[in-house]
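K.L.:
Mind looking over this structure? Questions follow.
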Amino acid sequence: MEIEKELVAIELEIDSKESVLAFLGSRLLEKAYVKEGFVESVLKREETFPTGLPTIPFGIAIPHTDGDMVNESKIAFATLKNPVKFLAMGQSGELIDIKVVFMLALKEPAAQLATLQKLVGLFQNPETVSKLAAITSAEELNDLINIKA
Amino acid sequence: MKKLLIICGTGIATSTVVKGKVEEWLKENNLTQDVKIYQSKVSDEINRIDEYDIVLSTTLVPDNIKDRVIDGIPLLTGIGIDPMFEKVLAEIKR
């Protein structure tokens, strides 16, 4: 899946998890890729089932919610100028400094398995995590996602 | 055949990725015939966790079922994958 230019934010200057999610969510909402209430739903889910991953050398978060809040499957992306804290997935109360955010708006995740697998493949290599954090354009991001299978 | 359950918060993105990774691993190790994979969300499974032989989770589970669950986060971060699969393998061979 190609990540659209309008859904890519580079070196976002923002100071909280909530702001990042609201920012990316509003981009998705502007194009009607998600339904009203998507951001609230993601925020709520993040409380119960956090999505921060302790990847090396920077943390990556993959906020998402149920497919019924989504009109069309898309991924929004942001790198953050200053890391913000997300709770760690599968841990109780552990906070992670997040530098890269992939907001997943997925209607049917199984249909996007190839893309999800590629992303997770990138997360597992410190070199590609660093590259993700240093992305300067949507084009560069898509190249990176598509090259590293 | 062993029943392997994969759970995440809402049974959406994360468990889909984990399932893909586990399927690859089963294939590489010629274990496809030994394991049947189920994918779900944690809230649907808490009360019937005993129906499964192996449980991999990417989300926090209640204390009473904690001992039954193997942490699947390594499949997302790449950190600690080998020890995690050793645990899964031990359960398959049990």
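K.L.:
Scan the range A:95-142 for residues that are among the charged types (D, E, K, R) and under 21 Å from A:Leu12 (Cα atoms) and report the count.
P.N.:
So the answer is 5.
K.L.:
Would you tally the residues in the range A:34-68 being over 13 Å from B:Thr59 (Cα atoms), of a type outside the set (D, E, K, R) and outside any strand (DSSP E or B)?
P.N.:
Within the range A:34-68, residues that are over 13 Å from B:Thr59 (Cα atoms), of a type outside the set (D, E, K, R) and outside any strand (DSSP E or B) number 15.
K.L.:
For the range B:39-94, what are the residues that are part of a loop (DSSP other than H, G, I, E, B) and more than 14 Å from chain A (Cβ to nearest Cβ)?
P.N.:
B:Tyr52, B:Asp53, B:Arg94
K.L.:
Kindly establish whether A:Val129 is buried (at least 22 other Cβ atoms within 10 Å of the Cβ), within 14 Å of chain B (Cβ to nearest Cβ), in contact (Cβ under 8 Å) with a residue 40 or more places away in the chain and part of a helix (DSSP H, G or I).
P.N.:
Working: buried (at least 22 other Cβ atoms within 10 Å of the Cβ): yes; within 14 Å of chain B (Cβ to nearest Cβ): yes; in contact (Cβ under 8 Å) with a residue 40 or more places away in the chain: yes; part of a helix (DSSP H, G or I): yes.
When the stated conditions are applied, A:Val129 passes them.
K.L.:
Can you find even one residue in the range A:4-22 that is touching a His at 6+ places or on another chain (Cβ under 7 Å) and within 17 Å of A:Lys107 (Cβ to Cβ)?
P.N.:
no
K.L.:
Given the residues B:Lys21, B:Lys27, B:Lys41, which is the only one that is free of Cβ contacts under 8 Å to residues at least 60 places away in the same chain and surrounded by fewer than 16 Cβ atoms within 10 Å (Cβ to Cβ)?
P.N.:
B:Lys27 is the lone residue from the list that is free of Cβ contacts under 8 Å to residues at least 60 places away in the same chain and surrounded by fewer than 16 Cβ atoms within 10 Å (Cβ to Cβ).
K.L.:
Right, here's the next one. Across the range A:63-76, which residue is farthest from the other protein chains (Cβ to nearest Cβ) among those that are surrounded by fewer than 24 Cβ atoms within 10 Å (Cβ to Cβ) and not acidic (Asp, Glu)?
P.N.:
A:Asn71
K.L.:
Under the condition of being among the hydrophobic types (A, V, I, L, M, F, W, C) and part of a helix (DSSP H, G or I), which residue from the range A:6-21 is nearest to A:Ile98 (Cα to Cα)?
P.N.:
Looking at the filtered set, the residue picked out is A:Val20.
K.L.:
When B:Gly9 is evaluated against the numbered criteria (1) farther than 29 Å from A:Val42 by Cβ; (2) touching a residue at least 24 places away in the same chain (Cβ under 8 Å); (3) out of contact with any strand residue (DSSP E or B) (no Cβ under 6 Å at 6 or more places or on another chain), which criterion, by number, is the only one it fails?
P.N.:
(1)
Every number here is computed from the coordinates shown, using simple stated rules; none is lab data. Everything numeric here is computed off the predicted structure, so don't read it as measured data. Backbone-built Cβ (ideal geometry, glycine too); neighbour counts: all protein chains shown.
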